[in-house]
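Below is one structure, written out as structure tokens; comments come after it.
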Amino acid sequence: MDETAIPPSESVASLSVSSPPPPQTSSSQMSLEERFRIVRSVGEECIQEDELLNLLEKKPQLVCYDGFEPSGRMHIAQGVMKAINVNKLTSAGCKVKIWIADWFAQLNNKMGGDLKKIKVVGEYLIEIWKAVGMNLEGGQVEFLWSSDEINSRANEYWPLVMDIARRNKLPRIVRCCQIMGRNEQDELTAAQIFYPCMQCADIFFLKADICQLGMDQRKVNVLAREYCDDIKRKNKPIILSHHMLPGLQQGQEKMSKSDPSSSVYMEDEEAEVNLKIRKAYCPPQIAAGNPCLEYIKYIILPWFNEFKVERSPQNGGDKIYKTFEELAVDYESGELHPGDVKPALAKSLNKILQPVRDHFKNDANARELLRRVKSYKVTK
């Protein structure tokens, strides 16, 4: 398949020329098993699969909640992986509510707690998702600013937050601090202690059937299910936790906004992408924990449905991989070398990112948002 010929979603045709193809079958024509397969494929872990299947059978449109702190430039996992996952969910008939957690970023002291800067970052992130090909057609994706929604329905939100806080001991809440990029040994502010109670409340406030967040958010989602036990609520939110991509350097379990070499950013120039991938950790014949191979597994293959390696005839010639399993076999045997993988990976990444670069170059509002975001100091 020619990678450059993939049609964009109609809703973002003016912005994207390389987005994942829209589904060929509408959700109303899909079987229950097919909808379950698509939704389940988003998560590395699902709590609980039987509950998900039951809900898909009984409810025409499930509400999926995903949230993010506007805290700096967007890396490729947050940009491309989220677009892939959201497009899968909407193709299966789900509604996705994306919670722009501006107040939460302020509580967590991101952008120095400056809410104006945080809002600029939030607008920039939305521009990226539009440009990369998140399917926004038909109102199945809704962006909601936490500050606006909470203020408009404060009488619903704050009693819920207080009830969650009242029913949990402080050590249980502190164990959830991982959701903020903190650990239990960190010296937490009172605001950061309050944060997990609010994030748990978000799930019910947004009437979410599915919590579709990263594995690093698992603990607070489990807290929400425990809260359902406390209040004798039968229908618990389903936890669908997606995989977390590692950083590009050796020993980096996750990408870091404070270390530009740990990830590819969504508006990185072609030369920057090439350099980062060239310097990335990619040990020969080791597939497990290899960040370059993880990029292929979780970004390139889902996007293009293939990974093309271009080699000279004396080095084995060109080869197209359709599955990660066949690629891993070749890599671990030494048939596929890091020197083959890295240029092919960089080329594929650049094809995905080019529409985003074009958008931030050609659209004056997007260009100004990026300029301002780049000028902000990233705070931990």
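Of note:
- Residues in the stretch 141-152 that are of a type in the set (Asp, Glu) and surrounded by 13 or more Cβ atoms within 10 Å (Cβ to Cβ): Glu142, Glu149.
Here's the yes/no breakdown for (1) in a loop (DSSP other than H, G, I, E, B); (2) within 13 Å of Asn168 (Cα to Cα); (3) within 22 Å of the chain's Cα centre (by Cα):
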residue	(1), (2), (3)
Ile203	no, no, yes
Ala208	yes, no, yes
Leu213	no, no, yes
Asp216	no, no, yes
Lys234	yes, no, no
Ile239	no, no, yes
Met244	yes, no, yes
Gly251	yes, no, yes
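Table: residues versus (1) closer than 15 Å to Ala271 by Cα; (2) of a type in the set (Asp, Glu); (3) modelled with pLDDT under 95; (4) not in a helix (DSSP H, G or I).
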site	(1), (2), (3), (4)
Ala344	yes, no, no, no
Ser348	yes, no, no, no
Leu353	yes, no, no, no
Lys374	no, no, yes, no
Lys377	no, no, yes, yes
Lys380	no, no, yes, yes
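- Residue satisfying all of: in the stretch 219-256; of a type in the set (Lys, Arg) and out of contact with any helix residue (DSSP H, G or I) (no Cβ under 9 Å at 6 or more places or on another chain); nearest to Cys46 (Cα to Cα) among these: Arg225
- Going through (1) within 19 Å of the chain's Cα centre (by Cα); (2) farther than 30 Å from Arg225 by Cα; (3) surrounded by fewer than 19 Cβ atoms within 10 Å (Cβ to Cβ) one by one, Asp318 falls short only on (1).
- Filter pass, Phe68 being under 21 Å from Arg218 (Cα atoms) and either polar (S, T, N, Q) or crowded, with 21+ Cβ neighbours inside 10 Å (or both): no
- Filter pass, Ala101 being surrounded by 22 or more Cβ atoms within 10 Å (Cβ to Cβ) and touching a Gly at 6+ places or on another chain (Cβ under 8 Å): yes
- Search result, residues across the stretch 113-140 that are under 27 Å from Cys94 (Cα atoms), open to solvent by less than 60 Å² (accessible area, probe 1.4 Å) and of a type outside the set (Val, Ile, Thr): Gly122, Tyr124, Leu125, Glu127, Trp129, Ala131, Gly133, Met134, Asn135, Leu136, Gly139, Gln140
- Cβ-Cβ under 9 Å pairs, at least 6 apart or on other chains, the stretch 323-348 side over 15 Å from Ser312 (Cα atoms) and open to solvent by less than 10 Å² (accessible area, probe 1.4 Å), far side in a loop (DSSP other than H, G, I, E, B) and not aliphatic (A, V, I, L, M): Tyr331/Pro284; Tyr331/Gln285; Tyr331/Asn290; Tyr331/His337; Leu345/Cys282
- Residue match in the stretch 175-188 (condition: closer than 30 Å to Glu57 by Cβ, touching a residue at least 60 places away in the same chain (Cβ under 8 Å) and among the aliphatic types (A, V, I, L, M)): no
- From the list Asp202, Asp216, the one residue that fits, being at pLDDT 95 or above, in contact with a helix residue (DSSP H, G or I) (Cβ under 8 Å, 6 or more places away or on another chain) and of a type in the set (Asp, Glu), is Asp202.
- Just one residue in the set Asn155, Asn108 is surrounded by 14 or more Cβ atoms within 10 Å (Cβ to Cβ) and of a type outside the set (A, V, I, L, M); that residue is Asn108.
- In the stretch 35-48, the residue that is least open to solvent (accessible area, probe 1.4 Å) out of those that are in a helix (DSSP H, G or I) and in contact (Cβ under 8 Å) with a residue 12 or more places away in the chain is Val39.
- Answer residue from the stretch 291-312, given it is within 23 Å of the chain's Cα centre (by Cα) and open to solvent by 10 Å² or more (accessible area, probe 1.4 Å) and is nearest to Leu89 (Cα to Cα) among those: Pro302
- Every condition in (1) surrounded by fewer than 22 Cβ atoms within 10 Å (Cβ to Cβ); (2) more than 30 Å from Gly289 (Cβ to Cβ) is met by Val174 except one, and the failing one is (2).
- Of all residues in the stretch 349-366 being more than 20 Å from the chain's Cα centre (by Cα) and surrounded by 14 or more Cβ atoms within 10 Å (Cβ to Cβ), the one that is farthest from Asn109 (Cα to Cα): Asp358
- Failed criterion for Leu62 (all others in (1) surrounded by 18 or more Cβ atoms within 10 Å (Cβ to Cβ); (2) within 30 Å of Val273 (Cβ to Cβ) hold): (2)
- Filter pass, Pro313 being without any contact (Cβ under 8 Å) to a residue 24 or more places away in the chain and within 22 Å of Gly72 (Cβ to Cβ): no
- Filtered by the rule that a residue be out of contact with any His (no Cβ under 9 Å at 6 or more places or on another chain), among the β-branched types (Val, Ile, Thr) and surrounded by 18 or more Cβ atoms within 10 Å (Cβ to Cβ), the stretch 231-290 gives Ile238, Ile239, Val273, Ile277.
The values are calculated or read from the model by the stated rules, or taken from the named source; none is laboratory data. In this text the structure is predicted, and so the values were computed from the model without any measurement. Virtual Cβ from ideal backbone geometry, glycine too; neighbours counted across all protein chains shown. Protein only, heavy atoms only, side chains kept; ligands, DNA and RNA dropped before computing areas. Shrake-Rupley method; radii C 1.70, N 1.55, O 1.52, S 1.80 Å.
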